2 protein chains.
Amino acid sequence: VSTTSSSLSTSVVPWRYAAGRLHLLDQRRLPNEEVFLDCESAAQTAEAIRSLAVRGAPLIGVAAAFGLAAEARRVLSRSPGDFDVALEAGADRLAAARPTAVNLSGAVERIRRVVRETPLLTPLERTLLVEKEAEAVAEEDRLACIAERGASWLEARWNLPPGASATVLTHCNAGALATAGIGTALGVVRGLSARRPVVVFADETRPFFQGARLTAWELLRDGVAVTLLPDVAAAWTIASGAVAAVIVGADRIARNGDVANKVGTYGLALACRANGVPFVVAAPTSTLDPLTLSGADIPIERRSSEEVLELAPGVRVAPAGVTALYPAFDVTPSALVDAIVTEVGVSVPPHEINLRELLPGA
Amino acid sequence: VSTTSSSLSTSVVPWRYAAGRLHLLDQRRLPNEEVFLDCESAAQTAEAIRSLAVRGAPLIGVAAAFGLAAEARRVLSRSPGDFDVALEAGADRLAAARPTAVNLSGAVERIRRVVRETPLLTPLERTLLVEKEAEAVAEEDRLACIAERGASWLEARWNLPPGASATVLTHCNAGALATAGIGTALGVVRGLSARRPVVVFADETRPFFQGARLTAWELLRDGVAVTLLPDVAAAWTIASGAVAAVIVGADRIARNGDVANKVGTYGLALACRANGVPFVVAAPTSTLDPLTLSGADIPIERRSSEEVLELAPGVRVAPAGVTALYPAFDVTPSALVDAIVTEVGVSVPPHEINLRELLPGA
């Protein structure tokens, strides 16, 4: 574990938890308003996850963990006799809020397992146990290691002169707004920024505009140069030679290294491979899913047609009567991923073999 | 020239010209309003082209031709003594309205040449000559041939059972709203629809939403089944096996077969090649530019950052202070294009060799 990583920071803090109340920055209202939702139950937290008020694979794991802590506090104060049944129901509800990111069910199952394995505690003791485990899910240390490892890997690959600037492209938001710390992909960007001037091309990331609304806001706030790209312009920008690397996060990485991430990621990987540009996935090991053998086994969430058709509240451009298909994620085949950067180490192809050493418990 | 093509039609008519007045359907206001702009000069027509009130490579050629006819009528009635100078100035202004589509400068130069080559005519006779040549630029017959040739080529490639439906994906709008007839890419769709049930996936095509606003409207109006896709979802949809072909138009095709088209096209071609799906470009020979040797020589229009940042009048999602990069076109390398379908014939790789036989005057 690197010690220099502690210098990386962000001013963006999208969540707080205290005494049974989870405060979540409502990302639907960024960048215009910074409003926090108060969640005091599993149901409220699950709805915040489902409605994209909070999003990003690591952060929805953290939110679910503290949502379960809030649920434990709520049940403790109202009907402690129902504690076990209520906690299980809350865990089920949270785990089912969205299907693709494995961090979500992973965080919930981790807490459920700890509680089950210590059956002799009182409801108060078990509530404290849930809160302690939720704190452990928040993975700031891991993120700092990912940032350092990713930046080092790219620096070695690039071999640029000191002080030369580097331009990287990212998709969606895998930053402080997606995690409990400095971000995964944007953590690597922050790691690079500590070494040389960095310019970021941010895909706007239709239909929810995570790039335009969240990544641009987060990077501007931290003083990192950012230019938006319509998603359609990314491949040509990569082909033009203007991009030194594409860095993205992940929602689930299968045992063979296939990567599920925000839809549009696969197209970026194709453009990188066609033009010899490194394609890097940055993700904590909690995103690795050894139980899923390949990308074909990852459930891909289909979201509502309305989220495509309504650009902003009340703003539509498509004619009445048309429908839209909106897979929220896509799968990038393992062979197109030049590096999977985790807090434990970096996997390069063949990921089928090299990823095994990074798996939890390997 | 096929005769069966005459059965293909559309109810969409985006332009009319009569007696010095060019009526252009204002495509910025579709699908909500069907409003026609009246252009009675080269300046008004150039502004309609620049502002995207009228767009689509073949149609802006037609609009420029009739804009020049309107200019000729205007000068004839006001200051016939200045006819030659005024017509040249109008031609310059129209040709400079947008840089990428070669049909625009091609149509203007064609008329300019005819006028220069017949210097002994009176201003009235020359005005009639301009109008006659503009009629010739309107290429409905060519479009019907493209539709038939494209549909036949795909049918031969697919070898589907009679009556089986086919799903194709298109980008931007290369339809009746982009041409003087049934469209190029959507002409091929109409040709296929005459043979079997066809379902169209239409990329919404950020930032101007030509797919969501124009292609969806045009196809719904003509009774063709259409589903919108966020642009980011196209590659994964192609990889999923749901798409039998991608069919697009072109703004300029270089001598070696490199294709400039709406930005996002290159990424589609990469996804097609990676997944063995035919990638077809449909364009009249007026889009071929033998004077441009390769895609590197095609000027790529950069449009205003504002067109990305403002989703609809008054609607923005990105934070204040961020800028955007908006190349309006990209270049797809020749080798990724499985077929270039023109009214004269179909070129398959190597286009460097096969395209020569389709060049005007070859």
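The values are calculated or read from the model by the stated rules, or taken from the named source; none is laboratory data. Keep in mind that what you see is a predicted model, and the values were worked out from it rather than measured. All Cβ positions, even for glycine, are placed from backbone atoms using ideal geometry, and neighbour counts span all protein chains on display. Please note that ligands, DNA and RNA were not included when accessible areas were found on the heavy atoms of the full protein model with its side chains. Shrake-Rupley method; radii C 1.70, N 1.55, O 1.52, S 1.80 Å.
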Only unsatisfied item for residue A:14, checking (1) free of Cβ contacts under 8 Å to residues at least 24 places away in the same chain; (2) in contact with a strand residue (DSSP E or B) (Cβ under 7 Å, 6 or more places away or on another chain), is (1)
Here the residues within segment B:75-108 that are among the charged types (D, E, K, R), loosely packed, with under 15 Cβ neighbours inside 10 Å and within 29 Å of residue B:258 (Cβ to Cβ) are B:92
Residue hits (segment B:137-173; hydrophobic (A, V, I, L, M, F, W, C), at pLDDT below 95 and in a helix (DSSP H, G or I)) are B:137, B:143, B:144, B:145
Pairs returned, first residue in segment A:260-271 that is more than 7 Å from chain B (Cβ to nearest Cβ), second residue that is in a helix (DSSP H, G or I) and open to solvent by 10 Å² or more (accessible area, probe 1.4 Å), beta-carbon separation under 7 angstrom, 6 or more apart or interchain, are A:269/A:336
Scanning segment A:311-326 residue by residue, those at positive phi and facing another protein chain (nearest Cβ under 7 Å) turn out to be A:321
The correct count of residues that are farther than 30 Å from residue B:176 by Cβ and under 26 Å from the mean Cα position of the chain (by Cα) in segment B:111-139 is 0
Scanning segment A:346-362 for residues that are crowded, with 22+ Cβ neighbours inside 10 Å and in contact with a helix residue (DSSP H, G or I) (Cβ under 6 Å, 6 or more places away or on another chain), the one farthest from residue A:246 (Cα to Cα) turns out to be A:351
Going through (1) open to solvent by 10 Å² or more (accessible area, probe 1.4 Å); (2) touching a Pro at 6+ places or on another chain (Cβ under 8 Å); (3) within 9 Å of chain A (Cβ to nearest Cβ) one by one, residue B:343 fails only at (3)
Residues in segment B:339-362 that are under 18 Å from residue B:187 (Cα atoms) and in contact with a strand residue (DSSP E or B) (Cβ under 8 Å, 6 or more places away or on another chain) total 6
Checked segment A:115-128 for anything modelled with pLDDT of 95 or more and among the β-branched types (Val, Ile, Thr); matches are A:127
> Among the residues of segment A:144-156, is there at least one that is closer than 30 Å to residue A:81 by Cα and surrounded by 16 or more Cβ atoms within 10 Å (Cβ to Cβ)?
Replying inline: no
Flagged in segment A:272-302 as in contact (Cβ under 8 Å) with a residue 60 or more places away in the chain and either over 17 Å from residue A:171 (Cβ atoms) or of a type in the set (Ser, Thr, Tyr) (or both), in numbering order, are A:284, A:285, A:286, A:287, A:288, A:289, A:290, A:292, A:298, A:299
- Within the bounds of segment B:58-69, is there any residue that is surrounded by 23 or more Cβ atoms within 10 Å (Cβ to Cβ), touching a Gly at 6+ places or on another chain (Cβ under 7 Å) and over 30 Å from residue B:123 (Cβ atoms)? no
Among the residues of segment B:110-124, is there at least one that is touching a strand residue (DSSP E or B) at 6+ places or on another chain (Cβ under 7 Å) and open to solvent by less than 70 Å² (accessible area, probe 1.4 Å)? no
Scanning segment B:314-329 for residues that are open to solvent by 30 Å² or more (accessible area, probe 1.4 Å), over 25 Å from the mean Cα position of the chain (by Cα) and not β-branched (Val, Ile, Thr) gives B:314, B:316, B:320, B:321
Residue A:182 vs (1) in a loop (DSSP other than H, G, I, E, B); (2) under 22 Å from residue A:340 (Cβ atoms); (3) within 14 Å of another protein chain (Cβ to nearest Cβ); (4) of a type outside the set (D, E, K, R): all pass except (3)
Going through (1) closer than 30 Å to residue A:222 by Cα; (2) in contact with a helix residue (DSSP H, G or I) (Cβ under 6 Å, 6 or more places away or on another chain) one by one, residue A:162 fails only at (2)
Flagged in segment A:189-221 as more than 8 Å from chain B (Cβ to nearest Cβ), crowded, with 24+ Cβ neighbours inside 10 Å and part of a helix (DSSP H, G or I), in numbering order, are A:189, A:190, A:191, A:192, A:210, A:211, A:214, A:215, A:218, A:219
Matching residues in segment A:280-308 (among the charged types (D, E, K, R), within 14 Å of another protein chain (Cβ to nearest Cβ) and not in a helix (DSSP H, G or I)) number 3
